[in-house]
Amino acid sequence: PFRLILPASFIASIGAGIVLANFSKKLQLLIFIFFILIATYTNRNHINVNLYTDFPTKTYLDLETEITTNTFNEYLPIQANSKLLGRPWNEVVGENLTAYNTRQTTNLLSFDIKVDRKTTISAGQFYFPGQIVYLDNKVYPSNIDKDGRISFIAPQGTHKVVIRYQEVPLIKFSKIMTIMGILILLSFLTEN
């Protein structure tokens, strides 16, 4: 819900500006003062801190999965097994393999593997739409294992694996629509 505060504030500001623009100069001052008083009254509980909490920083820093989750795991996909979060997190799970050079960022997990024979590997990353597996710099087919992690069959040998998040078409479309909406709003405001 906190993500809705920014668009709500933006829309309320635009709306207040439109309302003020439609009145005479004398009424604009009165309406402006009225808006300020309403904003102050509705935010009176946020002027002072209502409740102080003192959780030690160690509580947050000791979470091994802090990159992918939060307190109540509400960002996890439906198929993810949240019981995995209470255990030590392995970046690569599989038989007859050696994993090294592990690197993780907010949109990428990469590691090198040496596989003795063809085997199924589960990466230490829950599957989210938009994640693509690259094996030796080529797109490679992947699945979701029983715990909701990204899984793929690795051929024998030494390989470089990169799992990268890329925006899905819906997100790209949403960004285009947002930009178009802002441009249309600006065109309406500049006409007056």
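All of the numbers you see were taken from the coordinates with simple rules; none came from a lab. Note that the structure is a prediction, hence the values are computed from the model and not measured. Using ideal geometry, Cβ is built from the backbone for each residue, glycine included, and neighbour counts are taken over all protein chains shown.
Overview of values
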read-out	value
Spacing of the two label points (7 Å from each Cα toward its C-beta) at GLU91 and ARG117, in nm	2.7 nm
Hz values of 3J(HN,Hα) by residue in region 153-160 - Karplus curve (6.51, -1.76, 1.60), Gly and Pro given as x	9, 9, x, 4, x, 9, 9, 9
THR158 paired with LEU170, simple spin-label distance in nm, labels 7 Å along Cα-to-beta-carbon	4.2 nm
At R0 = 30 Å, FRET efficiency that the Cβ-Cβ distance of ILE31 and LEU51 yields, to 0.05	0.30
Chain lengthening between VAL19 and LEU6 when straightened (0.36 nm per residue, less Cα-Cα)	2.7 nm
Interchain or long-range residues, amide H under 5 Å from GLU91's placed H	none
Rounded tilt (10° steps) of 25-42 against the dominant C-alpha axis of the chain	50 degrees
Sequence ranges 135-144, 111-120, ranked by mean other-Cβ count within 10 angstrom, highest first	111-120, 135-144
Helix axis angle, 5-21 relative to the chain longest principal axis, alpha carbon, degrees	20 degrees
Angle between the chain longest axis and helix 169-191 axis [Cα atoms, degrees, rounded to 10]	20 degrees
When each of LYS114/LYS175; LYS114/LYS172; LYS83/LYS160; LYS25/LYS172; LYS83/LYS114; LYS138/LYS175 is checked by Cα-Cα distance, pairs over 32 Å	LYS114/LYS175; LYS114/LYS172; LYS25/LYS172
